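The values are calculated or read from the model by the stated rules, or taken from the named source; none is laboratory data. Note that this is a predicted model, so its numbers are computed, not measured. When we count neighbours, we look across all protein chains shown, and the Cβ atoms used for this are built from the backbone with ideal geometry, even at glycine. These area figures cover heavy atoms from the full protein model, side chains too; ligands, DNA and RNA do not enter into them. Shrake-Rupley method; radii C 1.70, N 1.55, O 1.52, S 1.80 Å.
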Amino acid sequence: MQRMMAYRSFAVTGIPAAAGSDFSPGPFAPLMGIPGMVTRQRISVAEALRVNTINGAYASHEEAIKGSITLGKLADFVVLADDPHTIDQEKIKDIEIVRTVTGGNTVYAS
């Protein structure tokens with residue numbers, strides 16, 4: 001268990017670790033995993049967001065089309081009610097998702 005999710009070790013050595021939300025005993029929403037990465041693995045919120053976005057796209061060889069908000073890439077993103085960088089780390093999991101956009105189309109709005 002000590003080495004199961006070594007995000008800090010990977011970050012220090014420059015290895016682009018990726019996370020998923022569809023593993024056993026999940027699936028889990030990404031906002032549930034980020035607080036654990038930040039508090040237990042001691043990576044920054046920015047690093048945790050990278051693990052869940054850009055690094056995931058890199059791991060699946062799709063970084064040219066997704067993983068970041070860039071002109072020409074798929075327009076898949078969420079709008080959050082709070083900034084995960086500024087709220088209490090333990091409350092990141094409770095941030096409300098205000099809007100979900102997939103392929104440039106709003107598929108969820110609160």
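Quick check for you: which residues of the range 31-63 have the amide N under 12 Å from the point 7 Å beyond the Cα of T70 toward its beta carbon? In the range 31-63, the label zone of T70 (backbone N under 12 Å from the point 7 Å along Cα→Cβ) covers 54-55, 57-58, 62-63. Taking amide H atoms as placed 1.01 Å from N in the peptide plane, the amide H of V98 lies under 5 Å from those of V79, L80, A81, each 5 or more residues away in sequence or on another chain. In this structure the chain gives 69 Å² per residue of accessible area when probed at 1.4 Å with all protein chains present.
Per-atom-type breakdown for the chain gives carbon and sulfur 57% of the accessible area (1.4 Å probe, protein chains only). With a ≥ b ≥ c taken as the square roots of the eigenvalues of the C-alpha gyration tensor of the range 13-64, please select rounded if a/c is under 1.5 and otherwise prolate if a/b is larger than b/c or oblate if it is not? It comes out oblate by the Cα gyration axes. Partners of K91 within straight-line reach, counting aspartates and glutamates whose Cα lies under 15 Å from its Cα and excluding those fewer than 8 residues away in the same chain: D82, D83. Of the options (1) 99; (2) 134; (3) 116, only one is volume of the Cα convex hull per residue in Å³ as computed from these coordinates, and that is (3). In summary, the aspartates and glutamates within cross-link reach of K66, defined as a Cα separation below 14 angstrom excluding same-chain residues under 8 places away, comprise D76.
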